[in-house]
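For reference, the structure discussed in these notes is given below.
The values are calculated or read from the model by the stated rules, or taken from the named source; none is laboratory data. These figures come from a predicted structure and were not determined experimentally. Virtual Cβ from ideal backbone geometry, glycine too; neighbours counted across all protein chains shown.
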Amino acid sequence: MRLAPGSPWRHWRNWRTRHRIAAGTAALAVLAGGGVVTVAAADSPAPVHREDRVMSMPETAGSTQRVRIDTSFFTSGGSGRRPAVLLAHGFGGSKDDMRPEAERLARDGYAVLTWSARGFGASTGKIGLNSPDREVADVRRLIDWLGKRNDVQLNGPDDPVVGIAGASYGGAISLLTAGYDKRVDAIAPEITWWNLADSLFPQNASGQATDSGVFKKLWAGIFFTTGTTSTTTAPSGGGKASSTCRFTTELCAMYDAAAVSGHADAATVKLLEQSSPSSVAARIKVPTLVVQGQNDSLFPLGQGDAIARAVAANGAPVSVDWTSGGHDGGDQEASRVEARTVAWFDRYLKQDKSANTGPAFRVTRTGGVDTTDGQTVLRGASSAAYPGLSGTGSRTVALTGKAQTVSNPAGGSPPAISSLPGIGALSQLSQLSSLGQGLSLDFPGQRAVFDSAPLTSALQMTGSARTRVTVKTDAPAGAVLFAKVYDVGPGGSASLPHQLVAPLRVTASGTVDVTLPALDHSFAAGHRLRLVLATTDLGYSSPTAPATYTVSLPAGAALTVPTDTALTTAQAGLPVWAWGLPLGAVALAAALLLIGRRRPERTAEEEPAEVPLEIAGLSKRYHGAADRYAVRDLSFRVERGQVLGLLGPNGAGKTTTMRMLMGLIRPDAGTIRIFGHEITPGAPVLSRVGAFVEGAGFLPHLTGRSNLDLYWQATGRPAQDAHVEEALAIAGLGEALDRAVRTYSQGMRQRLAIAQAMLGLPDLLILDEPTNGLDPPQIREMRAVVARYAATGRTVIVSSHLLSEVEQSCTHLVVMDKGRLIAAGPVDEISGSGGTLFVGTGEMTAIALEETAHKLAGLPGVAAADVAEAGLLVRLDGLSVHELLAELLRLEVPVERVGPHRRLEDVFLTLIGGPA
Amino acid sequence: MTAGTDTTGAAPGYRPRRTLPLRVEAVRQLLRRRTLVAFAVVAGLPVVVWAAFAIGGTPGERNGTTTLIDVATSSGLNFSLAVLFVSSGFLLTIPVALFFGDTVASEASWSSLRYLLAAPVPRARLLASKLLVSLGFSATAVLALPTVALVVGTAAYGWSDLQLTTAGSLPPGTAVQRLVIIALYVFVSQLAVAGFAFWLSTVTDAPLGAVGGAVGVAIISNILDAITALGSLRNVLPTHWQYAWADALQPGQLEWAGMIKGTSVSVSFAVVFFALAFRGFRKKDIVS
């Protein structure tokens, strides 16, 4: 139970913790004679200066007895004057509980004074329950002390700018002091009481006597025994340990009497009202932030409502905040409440007009459990006006149920269970109740049940529902009943929202108005509301004499459920990154897509559109081969109707060139124009190009026919432009067309791929090694196809390393080697008059031929001379044929014939300087 | 033999926006064996789970804690949720990684990619078609699982309230709504893996490399998520929020925060990786 100060539990934990009291008693011995202690706490960014001081005050006004009040004064920063804040601790606590908050407030620029109230911590004296002439007088003397300091801002002489904040016991002292001392400028009471008699002896039936409340025995017991030290927990050195009552004598007597009788007599009510802010209702005229817990069966929301209404009636600004906490537990939202309190003081003590004091009315609503971290998710609903417990509107929910006879068991046992003070907080009953798992228990025969029809639409209740109930009783003490509204799911599971009940005592038979517990709860569509009136409740005192009552609803009775339509729920609880991350991702994605994008170049048609292909200065180096060009400075041009052979050994750069033609690879330099349009990836003009490059590319699981069909559909062009049948005729696959491509042979794929390239009868057809894998008749057929195709005026480019292939099917040639252009022109020109001559020789030894070739190669005007079968191949470079003949004769070569060399293979070898 | 009628020099009838229509891409992918196997596994899993319960008997709670598996046989809705629960961690990652990781890389490995690009299908258009078809296939697989399970479970265990692992139950009408939300969230939470797989698909020619890489990332993310010392860093792991849909299984108000965070992380990863894929593919030299 030793929870860290500043945790959500800090305000109320001491209600139940005797250990703290024991520790406080031990500390008394150290501090009592301590006088002034000055400590500079330098444990955090801005050091906070703390002065501990024990002040001596009269027991009551004019009394000679003194009490010692243990105080701490916190400041931070410079020595200028600043507003002061008094931080009051909860019941059973001490000034030490407030230290972390005090240090934070000091850093925010306030002078903060904390103190242990009479009977708590190191302070002496009897507990007077915030009695006006004891505790309230003490606080007024603290304000006197603040008014004499030179570091506290003043409104006037001896009138410091001061606010008071505190929870529970500390909240009540803030209200009472504000009522008794006009120097208080703003207060922020939290989960506290307005009227202690109403809180401990609640009465929710109309028309009953003021002293007819039902004793809240369990809470009252915890309340009063906390103030009574017990010998079992007293420290060994604690001289004060005894079973004596630490309250004032009259309070002790009052509790003893009430605990036995279960009744509040007029004197008790009068005594409790002395300690109640309600006694000074008309005098509390300062800005008030009312924070009340929804899980609070001790000081329920109605107490906060009374504070808000009274202060608002006096004309002071009020904001109401219903947290998810309270004395019964749940998330106390400590950090949010503290931030709001600071903002409140910033606005009304520092007079900072820009401080956001928040909405006039805020309700924390509980979502489900976040399963990723097990935490209950909270959302804030807020509104610009606080409507009170009747809401801005209401909805009438009809109830049905006949008159029921209920019995009050002898001794009031076994009792029904709603909330369990103390234990309830630990087991988080109320929190579970929001998930439909709350522990609540009614005994059959001890309750009357009235159900509504299933709700046709969801109902968000905010405030106190009301109804009318007729009770018949002949018991002399009257009938004590506990009214509650269950949320009943379609499956019949019932949950009691916030575990709250409304006790009522009806002293004489009749019909009464019943005010049900104030709460904020969402009844889902399809759920029922169930009004239950039980005769017992664990937390309350009910008559011990057995009795029976008859409970019924008067004709037309219904639940009037208050709603607040002005409350709007914020979609809260999400960290910033939940929205920021996707926004950042979209921004990053946009940057990735937009930066470095190459604008599509609108190419002016500099070249005539009739030129099917024009390559200029084309170069490409692959990554990882920076020193070696795949294609280097390649330029050539293809005219319409030509069949161009692209010839070169493996690795000459033919395929790379073709990939660049198709826009698959970006050239490093140079341009390719097809029909006058520069080729970029996906250039539309490519739709006029059909290509077969480096083997087939089909989807193996589809048939040949589906492959072609789907390919054509992928081009998005009209089906009638495909000329599928013509293409399929070329492929000549027959029935195999309807088999999956994965069953095809290499040749079949090849033919299908060429057919695919011819789909749509492209104006420029590119075929890379088209005869690979074909048998001789198919090769012949392929040549005829190519020739026929070109005859229609279309252009064909055929690449091959097979020279015979090119020789027989092409009109023009481009010869490449190692990425460079070696020769370009008509086949005849290159093979014939390209300067290469075949010299047929008579019988010569191979050695003699070698020698001759070597000598010829050395002559000026001869580019190359190689040995060929039965002769020599000579490529001239300036030398005329006549001069060559003369040279041959001079070398005594037996020349039989000299003519242009027609075998392309030899030409090719010569051109690329192949094996000689 | 017709010259281009427009300034782009395109063949008549060619419009870049009409290339590789979604229907064509869907047909191309649909008849693939691995697509069919993926769908068969997803559709068959509920039957396998049902058979397991039939053989092994009705599960019961152990150690006082109830899991979705323990209440799996209480209704068709429960069975559907239980099947989704056992699959959403890892099983459903595989079809999603498959559909996104395989789509471009397999075309590269078949060499069909270069013919599509030379058709020409503009590169962004090709990726967009493939992305949308993969999204459609993945969504179908992820949504088919609970749907088939609901049918199988209702046939086997009847149509009644959804029993929650916490006390309480949801009526069928509400439960079906929640189931739809959960299935959609499970799909959305897989988008991070989808994005990574899609990007890998554009940088490698090995389809299984892309699929395996994406699954591997999911596994590594799960391992890192188990290291609690990483603290809030785990919040941005792609798999950290994969069970956030349990927030929808509460009797009271539906809790969105976890699912919104999960969606935020998943969508962010997906958007960035999709963008990386488009950027890389735009300039890539196609040498497959």
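Assorted remarks:
- Residues of the range A:756-787 classified as in a helix (DSSP H, G or I) and within 12 Å of another protein chain (Cβ to nearest Cβ), total: 2
- Restricting attention to the range B:98-112 and to residues that are at the interface with another protein chain (Cβ under 7 Å from one of its Cβ atoms) and assigned to a helix (DSSP H, G or I), the residue that is farthest from A:Ile754 (Cα to Cα) turns out to be B:Trp110.
- Every condition in (1) buried (at least 23 other Cβ atoms within 10 Å of the Cβ); (2) within 20 Å of A:Ala727 (Cβ to Cβ); (3) at the interface with another protein chain (Cβ under 7 Å from one of its Cβ atoms) is met by A:Gly663 except one, and the failing one is (2).
Per-residue answers, yes or no, for (1) among the aliphatic types (A, V, I, L, M); (2) crowded, with 20+ Cβ neighbours inside 10 Å; (3) within 13 Å of chain B (Cβ to nearest Cβ):
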| site | (1), (2), (3) |
| --- | --- |
| A:Val631 | yes, yes, yes |
| A:Glu639 | no, no, no |
| A:Val643 | yes, yes, no |
| A:Asn650 | no, no, no |
| A:Ala669 | yes, no, no |
| A:Ile674 | yes, yes, yes |
| A:Leu699 | yes, yes, yes |
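- Scan of the range A:788-846 for residues that are in a loop (DSSP other than H, G, I, E, B), in contact (Cβ under 8 Å) with a residue 40 or more places away in the chain, of a type outside the set (A, V, I, L, M, F, W, C) and closer than 26 Å to A:Leu761 by Cα, ordered by number: A:Gly793, A:Arg794, A:His801, A:Thr811
- Selected residue [part of a helix (DSSP H, G or I) and in the same structural domain as A:Val631 (by TED's automatic domain parsing)] from A:Thr655, A:Thr680: A:Thr655
- Just one residue in the set B:Pro120, B:Pro146, B:Pro207, B:Pro171 is without any contact (Cβ under 8 Å) to a residue 40 or more places away in the chain and either in contact with a strand residue (DSSP E or B) (Cβ under 7 Å, 6 or more places away or on another chain) or not hydroxyl-bearing (Ser, Thr, Tyr) (or both); that residue is B:Pro171.
- Residues that are surrounded by 22 or more Cβ atoms within 10 Å (Cβ to Cβ) and at positive phi, drawn from the range A:126-165: A:Leu129, A:Asn130
- Checklist (1) of a type in the set (Ser, Thr, Tyr); (2) in contact (Cβ under 8 Å) with a residue 40 or more places away in the chain; (3) under 16 Å from B:Val27 (Cα atoms); (4) within 14 Å of chain A (Cβ to nearest Cβ) applied to B:Ser134, failing item: (4)
- Among the residues of the range B:67-88, those identified as farther than 16 Å from B:Asp247 by Cα and in a loop (DSSP other than H, G, I, E, B) are B:Ile69, B:Asp70, B:Val71, B:Ser75.
- Any chance B:Ser109 is within 18 Å of B:Ala277 (Cα to Cα), modelled with pLDDT under 95 and out of contact with any His (no Cβ under 9 Å at 6 or more places or on another chain): yes
- Residue in the range A:819-834 that is within 60 Å of the chain's Cα centre (by Cα) and not assigned by TED's automatic domain parsing to the domain that holds A:Ala865 present: yes
- Failed item in (1) within 8 Å of chain A (Cβ to nearest Cβ); (2) in a loop (DSSP other than H, G, I, E, B); (3) surrounded by fewer than 21 Cβ atoms within 10 Å (Cβ to Cβ), with B:Ser288 passing the rest: (1)
- A:Gly78 falls short on exactly one of the conditions (1) of a type outside the set (D, E, K, R); (2) closer than 30 Å to A:Ala339 by Cβ; (3) touching a residue at least 24 places away in the same chain (Cβ under 8 Å), and that condition is (3).
- The range A:52-91: number of residues that are touching a Lys or Arg at 6+ places or on another chain (Cβ under 7 Å) and of a type in the set (S, T, N, Q): 5
- The single condition among (1) in contact with a helix residue (DSSP H, G or I) (Cβ under 8 Å, 6 or more places away or on another chain); (2) closer than 27 Å to A:Met758 by Cα; (3) surrounded by fewer than 20 Cβ atoms within 10 Å (Cβ to Cβ) that B:Arg123 does not satisfy is (3).
Yes/no per residue for (1) closer than 22 Å to A:Lys270 by Cα; (2) of a type in the set (Phe, Trp, Tyr):
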position	(1), (2)
A:Phe120	no, yes
A:Lys126	yes, no
A:Asp151	no, no
A:Pro157	no, no
A:Ile164	no, no
A:Gly171	yes, no
A:Leu175	yes, no
A:Pro189	no, no
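- Applying the criterion of being surrounded by fewer than 23 Cβ atoms within 10 Å (Cβ to Cβ) and in contact with a Leu (Cβ under 7 Å, 6 or more places away or on another chain) to the residues of the range B:235-260, the residue that is farthest from the other protein chains (Cβ to nearest Cβ) is B:Leu237.
- In a residue-by-residue description of the range B:49-58, the property of being under 18 Å from B:Tyr185 (Cα atoms), of a type in the set (S, T, N, Q) and modelled with pLDDT under 90 applies to no position.
- Selection of strands (runs of 3 or more DSSP E) fully inside the range A:525-604 by the criterion of at least 2 residues being at pLDDT below 90, more than 34 Å from the chain's Cα centre (by Cα) and hydrophobic (A, V, I, L, M, F, W, C) returns nothing.
- Meets criteria (under 30 Å from B:Phe281 (Cβ atoms) and of a type outside the set (A, V, I, L, M)) for B:Gln177: no
- Flag for A:Gly819 being surrounded by fewer than 20 Cβ atoms within 10 Å (Cβ to Cβ) and either modelled with pLDDT under 85 or touching a Gly at 6+ places or on another chain (Cβ under 6 Å) (or both): no
- Scanning the range A:709-731 for residues that are more than 10 Å from chain B (Cβ to nearest Cβ), touching a residue at least 40 places away in the same chain (Cβ under 8 Å) and of a type outside the set (Val, Ile, Thr) returns no hits.
- Of the criteria (1) touching a helix residue (DSSP H, G or I) at 6+ places or on another chain (Cβ under 7 Å); (2) more than 14 Å from chain A (Cβ to nearest Cβ), which one B:Ala229 fails: (1)
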